[in-house]
Amino acid sequence: MKTTIINSRKLFTGTLSFLILAAILALFYAYREHTGVLHAPRFSVSARELPYYAFCSFYRMLAAYALALIFSIVYGLAAARGPAWERVMIPAIDIAQSVPVVGFFPAAVYFFVALAHGSRLGVEFAAIFLIFTSQAWNMALGVFESAKTIPADSIEVLQSFGINGWLKLKCLLLPACVPKLVYNSILSWVAGWYFLIACEIITVGPTHYRLPGLGSYLMEAADRGRSGEIVAGLLTLLAIIVAMDFLIWQPLSIWSEKFRYEFAASSPQTEAIAAIAALNRLGPSILRGARKVMLTISGPIRRFGERLPRVNLAAHPRFTLALRRVRTVVLLGLIGFMVYVVIVGVIALFRTLAQPWPAEARLIPAATGASIARLVVAYLISLAWIIPCTLAASSNPRLRQQLASVAEIVGSVPATALFPLIVMFVIKVTGGMNLASILLILTGMQWYLLFNLLAGVSQIPEDLKEAARSFGLSRVGTWRKLVLPAITPSLITGSITAWGGGWNALILSEYFVYQNHTYEVLGLGALLDSATYRTGNSVMILLSLLSMVAVVLVLNRLVWRKLYNVATERYRLDY
Amino acid sequence: MPLLDLRHLSKSYPQTNGILRVIEDISATVEEGEFIAIVGPSGCGKSTLLRIVNGIVPISSGQVLYKGRQVDGINLECAMVFQSFALMPWLTVEDNIELPLDAMGVPLAERRRRTGLYIDKVGLDGFEEAYPRELSGGMKQRVGLARALAVEPKLLLMDEPFSALDALTAISLREELLDIWRLPDSPVHTILLVTHIIEEAIELADRILVLSAGPGRVLADLQVDLPRPRDRRSEAFNMLVDKVFSLIEERS
């Protein structure tokens, strides 16, 4: 009896969130009618312009990341305030995370271009917004988790000394978030590059907008068949990524270790960071330099603050009252705004769906099936090479480390950057779009699986391996009895993220404009793209996007969530 | 007038199946200058009692009178020493000790003076710039003690301060605590210590409050009249240990 209650509640929240999502989506498209078409000149693909394109891409990433950072801290800390906040805010993140972001790019373009009265700024905003949505959720979850796992005594000590407000934020909440925030920032930048390139590719391919950047450069170069320029573009991208890793992320990772609570000292993450620290000799000196700069800046500010008379504002009842009122007004305003958006969105949704449905609407079920089949094939291909690699790595630590470092380098290159290259070759050689599309999906899927499985292997306790050896288990026996069960939870989490990446890749890979010729296959992504870029039928756009989101959510709830629960219950590594 | 007057304190938490009663009808007083130990089996609510005195945990019923008046919220004239040290891993020893002073709005020069003074008092000289993870358990608790002393509280609250340490470190830290407390220029005169180690209570305290297993009630309020420094092997000491043991045993 109890389970049915929970299930109906789950069904309710699921339906509700789907409705809200659909409403916001419809609102996006409601703006579409006001959009004028923007024509930009085709731009040059000379390698001399590369620094400019690289700069364009980089500042887009930086803007989106700054937004994501602020958002994640505010959102994560708010969600950790109490169970009531958590119950609403965390499922919302869950939904946002499982939506294929790329599908929203055309919608976002229409919305922001209308908002910016048809200027290029709108396309910029749309791209930044999209990159933001690919970066913010995992960072916000990281902040939430860190805030939730602060040991109770650390909170009590601040309470007992009457520490609150800004000082609490500065001394406890923010520092406690640093390790997860740095770790997730790295992941977010990888995801961000992927979507940045995707946005820029889309603007060159099917739409009339142009976003100068590395992605559009690569696509243009592929379109004109200039392989030299493609290689130069890829190298530039790789150089930026490697330089950022070396100059920013590695020193930051080492620095973030300072903010870790001790009981988590021997995590595999720490192990990896120790390896980095040994490799990157530059890291410590960069840290020292950054520290010196920070100190020279913050020193005078701090001394100035010391000289100010201390006023304890919290002690004034009037001030606290006013603060509380302001807070209530802001909160009510936010809630009111959300309600307004949802209502307007629902109206737009029903008005759009009330229009006559086009003939292609009948294709949706078959297209859904074809898309899922493509994803399954790509998934199976990934598993077919990754599982043997993982098993081999499990009995050979050196191989594991080599695999991990190779995967880290290759995986940090956004797969979308390779799309133009893959399309160019596969279509030229085989002429088959189906193979190309599966290959493209594969590039968006496989790394997540490999990363998660390698991490899973490294977490198998040494004593269990020794026990297996001392009982004379054969190699295959060890794989069957120890390694495979132990990596099952990682396999499931890897699969969830891989399928998330797969759905995004799907939208880019089923419909391609190459040298003024449109290549497409039957699939949800192709339906969405052709409706968006060719026919411009908003009913069809909405229908295909909604069915895609529905399929993703249903798969997540019915398949992955259940598998995850079983896996973490039965194959957990503690007893 | 006693420094602290606890009247018919009760504390319970609502649970999914009924309520969990942690403390029931505890009354006691603490005079200025006393060293009081609260002893009891695990789950008798002794740590909760300490948190109630500090104001971190609200009471369900009863009254906490401090200097004859009810305190609203946190009592900032208390300072707590935690069992698990509760140091911020990202702050140096010095910064950890300065943190509550900063919150209280103590001017910079005075903050520096007190930090230096209590670092010296607990024997942490040379470790000012160290991070907690670089210190041993005993050194960490010295930081916890210095942090509380630097507040110069009217009432020092200690929640099983030596339980997370190895036996030898605990012995020397107890002696150091007594040394600091007995000095004429000691910053604290009144100490409320919670422990489950009976010998520790008898060695340190003037008075012992013995609590029963949950829900906690006061079983006995014993005066400890042994001369200081106390000899753990003396007959009087051991008779007192036996007495407290049998008090707790009888009721559980």
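The values are calculated or read from the model by the stated rules, or taken from the named source; none is laboratory data. Computed from a prediction, not measured in an experiment: that's the story for all the values here. All Cβ positions, glycine included, derive from the backbone under ideal geometry; neighbour counts span all protein chains shown.
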Query raised in the report: B:Thr92 passes all but one of (1) away from every other protein chain (no Cβ under 14 Å); (2) free of Cβ contacts under 8 Å to residues at least 40 places away in the same chain; which number fails?
Result: (1)
Query raised in the report: Which one of the conditions (1) within 30 Å of A:Ile441 (Cβ to Cβ); (2) within 11 Å of chain B (Cβ to nearest Cβ) does A:Gln135 fail to meet, given that it meets all the rest?
Result: (2)
Report task. Inspect all residues belonging to the stretch B:34-45 and state whether any of them is of a type in the set (Asp, Glu) and either touching a Leu at 6+ places or on another chain (Cβ under 6 Å) or over 28 Å from B:Ile202 (Cα atoms) (or both). Result -> no
Report summary line: Given (1) in a helix (DSSP H, G or I); (2) modelled with pLDDT under 60; (3) not hydroxyl-bearing (Ser, Thr, Tyr), A:His39 misses just (1)
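Does A:Val549 meet the test of being closer than 29 Å to A:Ile202 by Cα and surrounded by 20 or more Cβ atoms within 10 Å (Cβ to Cβ)?
It is true that A:Val549 is closer than 29 Å to A:Ile202 by Cα and surrounded by 20 or more Cβ atoms within 10 Å (Cβ to Cβ).
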**Report entry** Any hit, the stretch B:124-132, residues being within 14 Å of chain A (Cβ to nearest Cβ) and under 21 Å from A:Ile155 (Cβ atoms)
**Finding:** yes
Report summary line: Within the stretch B:30-46, the residues that are crowded, with 20+ Cβ neighbours inside 10 Å and either in contact with an Asp or Glu (Cβ under 7 Å, 6 or more places away or on another chain) or assigned to a strand (DSSP E or B) (or both) are B:Val30, B:Phe35, B:Ile36, B:Ala37, B:Ile38, B:Val39
Report summary line: From the option list B:Ser61, B:Ser84, single residue qualifying as within 14 Å of chain A (Cβ to nearest Cβ) and either over 19 Å from the mean Cα position of the chain (by Cα) or over 25 Å from B:Val224 (Cβ atoms) (or both) is B:Ser84
Query raised in the report: Would a scan of the stretch A:126-138 turn up a residue that is in contact (Cβ under 8 Å) with a residue 60 or more places away in the chain, more than 21 Å from A:Leu187 (Cβ to Cβ) and not assigned by TED's automatic domain parsing to the domain that holds A:Ile496?
Result: yes
Query raised in the report: Quick one: how many residues across the stretch B:101-133 are assigned to a loop (DSSP other than H, G, I, E, B) and within 21 Å of the chain's Cα centre (by Cα)?
Result: 3
Report summary line: Considering the stretch A:255-272, residues that are in a helix (DSSP H, G or I) and away from chain B (no Cβ under 14 Å), and then whichever is modelled with the lowest pLDDT, we arrive at A:Pro268
Query raised in the report: Which ranges mark the helices (runs of 4 or more DSSP H) fully within the stretch A:336-453 that have 2 or more residues being at pLDDT below 90 and more than 30 Å from A:Ala221 (Cα to Cα)?
Result: A:364-394, A:397-412
Report summary line: For B:Asp25, the lone unmet condition from (1) more than 28 Å from B:Lys140 (Cβ to Cβ); (2) within 14 Å of chain A (Cβ to nearest Cβ) is (2)
Requested in this report: State whether the residues of the stretch A:509-522 include one that is part of a helix (DSSP H, G or I) and closer than 18 Å to A:Gly369 by Cβ.
Outcome: yes
Report task. Report yes if some residue within the stretch B:58-74 is hydrophobic (A, V, I, L, M, F, W, C), touching a Ser or Thr at 6+ places or on another chain (Cβ under 6 Å) and either part of a loop (DSSP other than H, G, I, E, B) or in contact (Cβ under 8 Å) with a residue 40 or more places away in the chain (or both); otherwise report no. Result -> no
Report summary line: When (1) aliphatic (A, V, I, L, M); (2) part of a helix (DSSP H, G or I); (3) within 14 Å of chain B (Cβ to nearest Cβ); (4) touching a residue at least 24 places away in the same chain (Cβ under 8 Å) are applied to A:Ile150, the one that fails is (2)
Query raised in the report: Failed condition for B:Glu176, given (1) surrounded by fewer than 17 Cβ atoms within 10 Å (Cβ to Cβ); (2) touching a helix residue (DSSP H, G or I) at 6+ places or on another chain (Cβ under 9 Å); (3) not in a helix (DSSP H, G or I), with all others met?
Result: (3)
Requested in this report: Please determine, by comparing only the residues of the stretch A:94-107 that are crowded, with 22+ Cβ neighbours inside 10 Å and of a type in the set (Gly, Ala, Ser), which one is farthest from the chain's Cα centre (by Cα).
Outcome: A:Ala107
**Report entry** Selection from the stretch B:203-246 of residues that are without any contact (Cβ under 8 Å) to a residue 60 or more places away in the chain, part of a helix (DSSP H, G or I) and closer than 29 Å to B:Glu77 by Cβ
**Finding:** B:Glu203
Query raised in the report: Any idea how many residues of the stretch A:531-555 are among the polar types (S, T, N, Q) and modelled with pLDDT of 85 or more?
Result: 2
Report task. Find all pairs meeting these conditions: Cβ atoms under 7 angstrom apart; at least six residues apart or on different chains; first residue within the stretch B:101-118 and facing chain A (nearest Cβ under 9 Å); second residue aromatic (Phe, Trp, Tyr). Result -> B:Ala103/A:Phe161
Query - Members of the stretch B:56-82 found to be in contact with a Phe, Trp or Tyr (Cβ under 9 Å, 6 or more places away or on another chain) and under 21 Å from B:His189 (Cα atoms), listed by number - result: B:Ile74, B:Asn75, B:Leu76, B:Glu77, B:Cys78, B:Ala79, B:Met80
Query - Condition check for B:Val53: more than 16 Å from the chain's Cα centre (by Cα), crowded, with 16+ Cβ neighbours inside 10 Å and either closer than 30 Å to B:Leu226 by Cβ or at pLDDT below 90 (or both) - result: no
Report task. Filter the stretch A:485-502 for residues that are of a type outside the set (S, T, N, Q), closer than 25 Å to A:Ile364 by Cα and in contact with a helix residue (DSSP H, G or I) (Cβ under 6 Å, 6 or more places away or on another chain) and give the result. Result -> A:Ile496, A:Ala498, A:Gly501, A:Gly502
Report task. Within the stretch A:424-463, work out how many residues are loosely packed, with under 15 Cβ neighbours inside 10 Å and farther than 24 Å from A:Arg226 by Cα. Result -> 4
